[in-house]
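First comes the structure, then the notes that go with it.
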Amino acid sequence: YKKVSEDDCSPCNGSEIYFKLVYDWATSNMKKWDLIRVGVGFTGLILKCSNLPEFLTYLKSLKKSNGIDFHCSEWHQNDGRTEKVFRYQLIDHKGYKSTWKKIDRWSDGNIRTCFGYMTWSEAIDHPVDMKSSFDTENCGSSWFSPCEDEDLPVFPLPYERETRGYRLEQLNRLSLVVSKPGKSCVQACQNAGRGVCAEEMFPVINSCKFLKGELGGYGKWNCWYSEDTTSPRLEMYRKYIKVRLMDHGYCDSRMFGHVRICPCVRK
């Protein structure tokens, strides 16, 4: 499959974890979608390569009409095809004005900016609008709408349900850095070029489930629980992930030989 994007758009900063989730689902569920929308208009569209010849022929037949972005959804919402709408807007539109209606589409609250719900309904009046927006009323915490055929768990960490009130935009700037032995998280984030250690994010990462899912090869290690102030950390000799019994952690803590797991946030 291919991702289509307009030339004045780019992926939202920090959206990589969302795109990975979408691509993994798309690859495992090829029969459940023909178009996956992660952006408004003719951008942020994931299309099946097998559909492209017929779809492009359809677009060419309408080349003298306005609204190629709407025609894209029209084709994918008919004749047994399925348009899936991802929960969040993952595309950052660089322009501020619509060339079609000369209105401020991108900041009037109707079309969401990065990580807002994928909404494309109130701002522009067109029959495909509602189907091209995420159905917040009926799909709850689903990943996609329509969601009636969906057999998916609710959003996992670090996405939404267990983020304890932290903003999605902040969570998407979060990355984990493994420190060198004996170094603090202040030093680790700085040396890795990943921004600064965010002490308020320790409650988010201080979870065995979260760490095992985000630490690559270290995720195969078992978890221990610890009271020391340098946790969460890696116990390299015994090959354990040590999770702190108390949620709160400290960026400047360090101890000889301890390999810390640090929440770094880009500015």
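The solvent-accessible area of TRP25, taken with every protein chain present and a 1.4 Å probe, is close to 20 Å².
Taking each residue as 0.36 nm, the span from LYS239 to MET255 lengthens on full extension beyond its C-alpha to C-alpha distance by 4.0 nm. Computed from the Cα positions only, the extents of region 177-219 along the three principal axes stand at 26, 24, 18 Å, in decreasing order. Taking θ as phi - 60° and the Karplus parameters 6.51, -1.76 and 1.60, the scalar couplings of region 23-40 work out to 5, 4, 5, 4, 5, 8, 9, 4, 7, 9, 8, 10, 9, 10, 9, 10, x, 8 Hz in sequence order, x denoting glycine and proline. Among ASP79, ASP135, the sequence by solvent-accessible area, most first, with a 1.4 Å probe is ASP79, ASP135.
Once both labels are positioned 7 Å from their Cα atoms along Cα-to-Cβ, the gap between THR57 and CYS223 label points is 5.4 nm.
The alpha-carbon positions of region 189-267 define a convex hull whose volume is 94 Å³ per residue. Label separation (ASP24 vs ARG266): 2.0 nm, computed from points 7 Å beyond Cα along the C-beta direction.
The values are calculated or read from the model by the stated rules, or taken from the named source; none is laboratory data. Being a predicted model, the structure only gives us computed values, none of them experimental. Glycine gets a Cβ as well: all are built from the backbone with ideal geometry, and neighbour counts include every protein chain shown. These accessible areas exclude ligands, DNA and RNA; they are computed on the full protein's heavy atoms, side chains included. Shrake-Rupley method; radii C 1.70, N 1.55, O 1.52, S 1.80 Å.
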